[in-house]
Amino acid sequence: MKAKINLEKEKQRGLSARLRELHQSTRVLVLPNAWDVASARIFEKAGFSAIGTTSAGIAFSMGFPDGQRISRTAMLEVVGRIAARVSLPVTADMESGHGRSIGDVAETARAVLEAGGVGINIEDAGGDPGVHAAKIRAVRETVDSAGVPLVINARVDLYLVNAGEAKERFDRTVERAAAYLKSAADCVFVPGVRDAEIIRRLISAIDGPVNMLAGPGAPTVAELERLGVRRVSVGSGPMRAALALTARIARELLNDGTYRAFSDAMPYAEANRLFEEVS
C-alpha cells in the first residue's frame, strides 16, 4: 500500500514539474478550462498540454452561482474526478481559497494535492494585497512540506473589478504582482485586460510569467504570445458557450419541434469512447 502511495506521489511530482516547465517554455501555455470530466477529456483529446478547471463552470454545473457559493468539498470532488480521468497536469481554480483565514487557504491547497491537482489559482478579489501575499506564502509552505510543489497562479483582480482610478490601476497591479511573486507565486494572472498596449506594458513591468484571460474581443493567442504572455486561459467561456447552445436547442425544440441546433452533435459512439479509453 505504501509503495502505491509513493508511486502516485511520484507521478504527481512529475505532472507538477511538467506544468512548471510549460510556464517557462518559449511557447505560450494555452490552458483550456474544464467543468467536468467530459469537457476535460475533450480538451485532452484535442491535444492540449495541461488543463485548468473553471470555478464558475463547476459551480454552474452543480447548481450554484459563482462567487465561492459552492463548498470546497463539492468543488474538489469535481477537480478530483477530472484529475483521475486525464493524463495531463490539472490546475484547480479555487477562487479566493475557500476560507476566511490564511490557515483555511493553506488547507485548501493541501486538499487540491489530495484531489490530484498540481496547480492552484487563487484570486485576491481586489482586497488586501498583504493578506493575499501571506496566503500565497502559506500555500507554498504547505505544499512544499507535502512534497509536491504545487504551481501557484496568483490572480490580481484590479482590472476585473475596475478598482479605483483607471490611471492608478496599472501601477497597483504591478505592485501586487511583485508582492505575490516575491511570496513564491509561480505565475501572475491579470484578468479583465484586453487592450494590447496595456498587456504589453504589464508584461514589461512584471518580472515573472503572466497569465491573461482570453475570449471574444481579446487579442488572439498568437498576438498574446508575441506580447510576451506566458499563459492563456479561457475561464468559464467554453462552459457558457455550451449553455448558450443548450438554450438554443431548448427554444427550437419547444417552439418549432425541430432539432437543427444539435444536428452536428458528437456521435454517441465517439462520446462513449471518451470514457471507455480511461475506464
Comparing L245, L15, L158 in a Gaussian network model of the chain (Cα, 10 Å), the one with the largest mean-square fluctuation is L245
Taking the beta-carbon count within 10 Å as an exposure proxy, list I198, I206 from fewest neighbours to most.
I198, I206
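Cα convex hull of segment 63-221: how many Å³ per residue? Before the final figure, lay out each step's value.
On the way: hull volume 20.2 nm³, N = 159.
About 127 Å³ per residue, rounded to a whole number.
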Least to most buried among Y259, Y180, Y268, by other C-beta atoms within 10 Å and fewest first, runs Y268, Y259, Y180
Cα pair distances exceeding 22 angstrom across segment 1-140, given as percent
39 percent
Output the Cα-based Rg and Dmax of segment 177-279 in Å, rounding Rg to one decimal and Dmax to a whole number.
19.9, 59
What translational diffusion coefficient, in µm²/s and rounded to a whole number, does the Stokes-Einstein relation yield for the chain at 37 °C and a viscosity of 0.692 mPa s, taking the hydrodynamic radius as the Kirkwood radius over Cα pairs?
168 µm²/s
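Sorted from fewest to most neighbouring beta carbons within 10 Å, what does the list V79, V37 look like? List each step's numbers first, then the result.
Numbers: V79 26, V37 18.
Least to most surrounded, the residues fall as V37, V79.
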Using a 10 angstrom cutoff on alpha carbons, build the Gaussian network for the chain and name the most mobile of R240, R251, R69.
R251
Quotient of Cα radius of gyration and Kirkwood radius for segment 1-83, i.e. Rg/Rh, equals 1.03
Can you tell me the length gained on complete extension of the stretch F170 to A196, counting 0.36 nm per residue apart and subtracting the Cα distance?
8.0 nm
Using amide H atoms built 1.01 Å from N in the peptide plane, name the residues 5+ places from F189, or on other chains, whose amide H lies under 5 Å from its own.
A154, R155, V156, N211
Can you give the calculated 222 nm mean residue ellipticity of the chain, where each DSSP H run of n ≥ 4 adds -39,500 (n - 2.57) and the sum is split over every residue, rounded to the nearest 500 deg cm²/dmol?
-17000 deg cm²/dmol
Highest-MSF residue in the chain out of S183, S96, S263 [GNM, Cα springs under 10 Å]
S263
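Values in this text are rule-based calculations from the coordinates and carry no lab data. Because the structure is a prediction, the values reported are computed rather than measured. Glycine also receives a Cβ, built like all others from the backbone with ideal geometry; neighbour counts cover every protein chain displayed.
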